[in-house]
Structures are given as structure tokens and as C-alpha cells.
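Mind having a look at this structure? Questions to follow.
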Amino acid sequence: MFQPLKIHQGFHTLGPAYYSAVTPTPLSNPHWISTNTALAHQVGLDPKVFDKPEWLSLMSGQAVPNTITPIATVYSGHQFGFYNPQLGDGRALLLGELEDHNGKRWEMQLKGAGPTPFSRHADGRAVLRSSIREYLCGENLFGLGIPTTRALGLVGSPDPVLRESTESAAVVMRMSHSFVRFGHLEYFYHTKNNAALSALIDYVVERYYPEVAKDPNPILGFFSSLVKRTATTLAHWQAQGWCHGVMNTDNFSIIGDTIDYGPFGFLDNFDPAFVCNHSDTQGRYAFNQQPGIAHWNLAQVGQTLTDFVPVPELQAALDQFEGQFESAYHQIMCQKLGLPPADEAVNHALIRGWLELMQRNQWDYHWTFRRLAETHLDTPPTGLQALIIDTDNNVEAFDQWWRDYSQHCAGLQGNRQDTMLAANPWIVLRNWVAQEAIDAAEAGDFSLVQQLLVALQSPFEPHAHLQKYHDRPPASQAALVLSCSS
Ligand code: AMP
Ligand code: MG
């Protein structure tokens, strides 16, 4: 069955300086937990392949067809601001690439398929809990229009994996146009392997940045595009209230996509200083620090390019981050509030005013936006107040904001609501929601994983059977903080 499946090689062609070939360590008694039909179609696969035993064997590392050489790649990176000279794929194996119907390549990676030379005494495994989180959240960000890796399927096994407690093992097959990270460039720069660095940069520029091929200095063009792509991704994170949790440079993608889902969290109440990672005691990766950290991470990439591009030009490219971030963020926030394109100063003031109200009143970020989207402009302010204001606090501030807002948007009614309903999700993967799917899966019921997968792929549509997960979280489940353990 792998015969008609054409596997292409991309990263493999760079040669062994960049990776080690690794035979996966098989999981015992593997079983499917979920397959992603929508993504299968997108990457040019007939979802019927999942019915073939060969796919389960591949996913669980039991049998790899001879057309595939799994590799673990080497990288380094800055973790919590400090340089770690040797990281690398400690539990991920790159299999090769699929080509979709548009000729676009998708790298396939198994995560959790056993130790590699880069495992650093860890077990090379991933637990079911964190695998479900990664599997679902990638699809959710995709559904929200945020650049991200995705996952084609999820396989479980009764094999025990020791974390804080003993959990069961799983493997996710991740898909991305590229799994190259900032840390790949950092590794070759900091080991002073200029030839390997140069070849890797050329590979990245040619494959992922065709738009700069004719630039006077394509490497500068690449960096400038990377800065803009990353700033745009960050604008989406901030506008959709999503916190990554571990923004180390090895967890940042060279194509600007979201990668490596660990202790991430969507905001519940709007708390700009929210830290979703229990291990992040300094709050380095707090929600409101994310754009600044992304900028810092990009500076580390810029550093690796200093032999190829004059520093002032790199600096000028890096300096575009803020402008790009601000304009992309502003554009998404205007959609979320249904603001007309005219009069930017008023739009800015209304966005600021709304966020202040949300913060001061601790309103739920997603639920409140959605209520606003559903509210007609001719509703008296009391109508909306009754919906979103639990206490008598700040009623006047809200009334004033509503008057300004409804006046500014007058005449846009139909268009305003269509725009807003397509920009404010009905459902997001809050941590407590993920946990319900995990608890059910650990008890052998995978139906909620599958239902959430489908709903999160179209998060702006109402999914009546999941109403419970649309509502604000139960108080005991709000603003959950997770550990890095995965
Ligand atoms: P992360 O914090 O998940 O981005 O991982 C940081 C580094 O640790 C990367 O090199 C990972 O491949 C490696 N790593 C994380 N968990 C494991 C594990 N269970 N086994 C082997 N390597 C791991
Ligand atoms: Mg990582």
C-alpha cells in the first residue's frame, strides 16, 4: 500500500551533518485514537489509507517501509533566555514529504516514536495527554486562520510512560511545510560551521521563500519576510487570546508558523499578564510578553546571518516587527469588533476602551466577544449589559463605550455582524475542555476527541452538541495553568 504513496525527500537531501537516521522504537498493541480526514484530503491522501494496517504499523514505529528513512535533526536554541548548545529532535522523527494536489510539500513527522541521539537521557516518548492537546490545538489554530503545524492522526498504546505519574504512550503524526526551527540555524552558527550554516540558509530561502529569489540579497529578503510572517502569527495569537507557554527559539518555526504545543492556554478572563506555564515562574512568556519575546527570538536568527548580511540591514529588517505586528493586530481587532475601515483613530480608541473594560471586569475573552458579535446595534445598552456584566461595576463606563461604538458603527449592521461572527470563535480549546477529552480518552472513549477535532476545525460555526464547551468555564476550571511535562 505504500507503493502508490510517493514520499519525497527535502531536509534529507542536506546530508548527514544535519541529522541522524533513527529506527523508531515500536509501541506495543497500538490502536487508532483519531484520524484527521480533512487534513488527509488537504495533503493529497485518500483517508481510506488509515484503514490499512501498514499505516498503524508506521505510526506506532512497528514497520517503516523501505522508501522512508526516519531521521532526527540536530538543533540548539535559547531556552528561557539562555543558550543551550545541544537540543535536537529528542522524540520526533522526520519521515519525508508528501506532495498535495497543488504541488505543495508537507513534511511528515512522528512525535513520540522513541529515543534518538538527541534525547539527552529522556525516553523519546510522548504521553496521550499531551498528544491529544497538540493534535487538537493545531487544528483549532488552523481553524482560526493562524499559521500552524497540524496533525494527521493520533495512535495510542498501553505502554507506560513515567511523568509525574505513570501515563500511557501515544504518537502524533505532525505535518508542516517545514519543521526547520530558529534553533537549526543557531546550532550551525554557534558551532562555527559556516559551510553547513550557509547550505541550510540556502535550502530554507529557496524552498520556503521563493518570493525573495530575485532580491539583491535573498538572505536579507528571507529574514525580512520571516520577521513579517512571525509578527503576523503573533498578531493572531494576541488577537485570539492564545498563549504559547514555551517560546524558546527551538520552538519557533523558520516559516513563521506556530509549532510545539506544550503547556499552551487560551485566555479565559482577560488577564493580559496570564502565564499558562506553571514552570515559567518569572512570567517570561506571559501573554502580554509574547510579541516582545518573538522579536527577541528573531534577533537570535538575525545574529546567525551576520556573515551574510551587513548588520545595519539586518537591524532594519528586524525593526519592521513592531509595525507589522501593530498593523496585523489592529486589522484583526477591527474585524473582531466589526469596526468600519474609516477613521483609524476612533477605531484604536474603541479597541483600547473595549480591552480596558474586559480587563477591569474580568470578562471572559472569547465568550464576551461572541456575545458582542451577536448583539444588534439597536439593542439598548442594558440588553448587552444584562448579558455580559455580572456585577454593577463600571456600568457607566460600559454605557459610554457602547454609545460611542454603536454610533461609530451605525449603518453597518448586517456587514458588521457577519464580519464579527467570522472573527470571534464560537469554540476554542480551553484547557479544561482539552482535559475532558483527555479524561474520556484515558478511560477508552475517543469520541470527544473526534467531535472536538471537527468542531475546532470550524470554530466560528456554532456546534450545538458542544454547547457546554462554548459557555464560560466553570469557576473551578478557569485560567488553568499547566506544567511542561509531556
Ligand atoms: P520542548 O520543551 O518540548 O520543546 O523540548 C525541548 C527539548 O527536549 C527538545 O530537544 C526535545 O526533543 C527534548 N525532549 C522533550 N521531551 C522529551 C522526551 N520525552 N524524550 C526525549 N527528548 C525530549
Ligand atoms: Mg520543542
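Please treat every number below as a calculation from the coordinates, not as lab data. These numbers were taken from a predicted model, which means no experiment stands behind them. Counting neighbours? That spans all protein chains shown, and the Cβs are built from the backbone with ideal geometry, glycine included.
So what's the net charge close to Gly221: Lys and Arg +1, Asp and Glu -1, counting the other residues with Cβ under 9 Å from its Cβ?
Net local charge, Gly221 excluded: -1.
Restricting attention to region 52-141, which chymotrypsin sites (Phe, Trp or Tyr not before Pro) occupy a DSSP loop and are surrounded by at most 16 other Cβ atoms within 10 Å?
Counting only loop positions with at most 16 other Cβ atoms within 10 Å, the chymotrypsin sites (Phe, Trp or Tyr not before Pro) in region 52-141 are Phe80.
Which whole-number percent gives the relative contact order of the chain, counting Cα pairs below 8 Å spaced six or more residues apart?
About 15 percent, as a whole number.
Where does the charge balance sit around Asp260 when Lys and Arg score +1, Asp and Glu -1, over other residues with C-beta under 14 Å from its C-beta? Working shown, then result.
Details: positive: Arg91, Lys111, Arg133, Arg150, Arg174, Arg181; negative: Asp89, Glu134, Asp250, Asp257.
With Lys, Arg at +1 and Asp, Glu at -1, the net is +2.
Considering amide H positions built from the backbone, and no H for Pro or chain starts, which residues 5 or more places from Glu167, or on another chain, come under 5 Å of its amide H?
Under 5 Å from the amide H of Glu167: Val161, Leu162.
Could you give the C-alpha radius of gyration of region 184-261 expressed as a fraction of 2.2 N^0.38 Å, taking N as the number of residues it contains?
Normalised Rg, Cα atoms only: 1.21.
Further question on the same structure: Fewest Cβ neighbours within 10 Å first, please rank Val227, Val454 accordingly.
Least to most surrounded, the residues fall as Val454, Val227.
Of the listed pairs Lys6/Lys468; Lys52/Lys228; Lys104/Lys228; Lys214/Lys336; Lys111/Lys336, which have alpha-carbon separations greater than 32 Å here? Intermediate results must be reported in sequence, preceding the final value.
Values: Lys6/Lys468 43 Å; Lys52/Lys228 42 Å; Lys104/Lys228 21 Å; Lys214/Lys336 37 Å; Lys111/Lys336 35 Å.
Violating the 32 Å limit, Cα to Cα: Lys6/Lys468; Lys52/Lys228; Lys214/Lys336; Lys111/Lys336.
Now for a different question. When only Cα pairs under 8 Å and 6 or more residues apart are kept, what is the percent relative contact order across region 1-142?
This gives 24 percent for region 1-142.
With +1 on the Cβ of every Lys and Arg and -1 on the Cβ of every Asp and Glu, and nothing else charged, how large is the dipole of the chain about its Cα centre, in debye rounded to the nearest 20? Walk me through the intermediate numbers first.
On the way: 31 positive and 48 negative charges, 168 e Å.
My answer is approximately 800 debye.
For region 210-331, count the residues as N, evaluate 2.2 N^0.38 Å, and divide the Cα radius of gyration by that value, please.
1.09
Report the gain in length on full extension from Arg352 to His31: 0.36 nm times residue separation, minus Cα-Cα distance, nm rounded to one decimal.
The span from Arg352 to His31 would gain 110.7 nm if fully extended.
In addition: Taking +1 at the Cβ of each Lys and Arg and -1 at the Cβ of each Asp and Glu, which of Pro340, Val275, Ile219 sits farthest along the dipole of the chain towards its positive end, judged by Cα position relative to the Cα centre?
Ile219
If you don't mind, another one. Compare the Cα positions of Pro26, Pro47, Leu58 along the charge dipole of region 1-131 (+1 at Cβ of Lys, Arg; -1 at Cβ of Asp, Glu; about the Cα centre) and return the one farthest towards the positive end.
Of the candidates, Pro26 comes out farthest on the positive side.
Largest first, please: the extent of the C-alpha atoms of the chain along each principal axis, to the nearest Å.
The principal-axis extents, from largest down, are 67, 57, 44 Å.
I would also like to ask the following. Sorting Phe398, Phe188, Phe222 on the 10 Å Cβ count, fewest up front, what's the list?
On the way: Phe398 20, Phe188 23, Phe222 27.
Least to most surrounded, the residues fall as Phe398, Phe188, Phe222.
Ranking Ser60, Ser447, Ser476, Ser224 by Cβ neighbours within 10 Å, fewest first, what do you get?
Lowest count first: Ser476, Ser447, Ser224, Ser60.
Asp46 to Ser165: FRET efficiency via 1/(1 + (r/R0)^6), r the Cβ-Cβ distance, R0 45 Å, to the nearest 0.05? Walk me through the numbers before you get to the answer.
Numbers: r = 39 Å, r/R0 = 0.87.
In this case the efficiency is close to 0.70.
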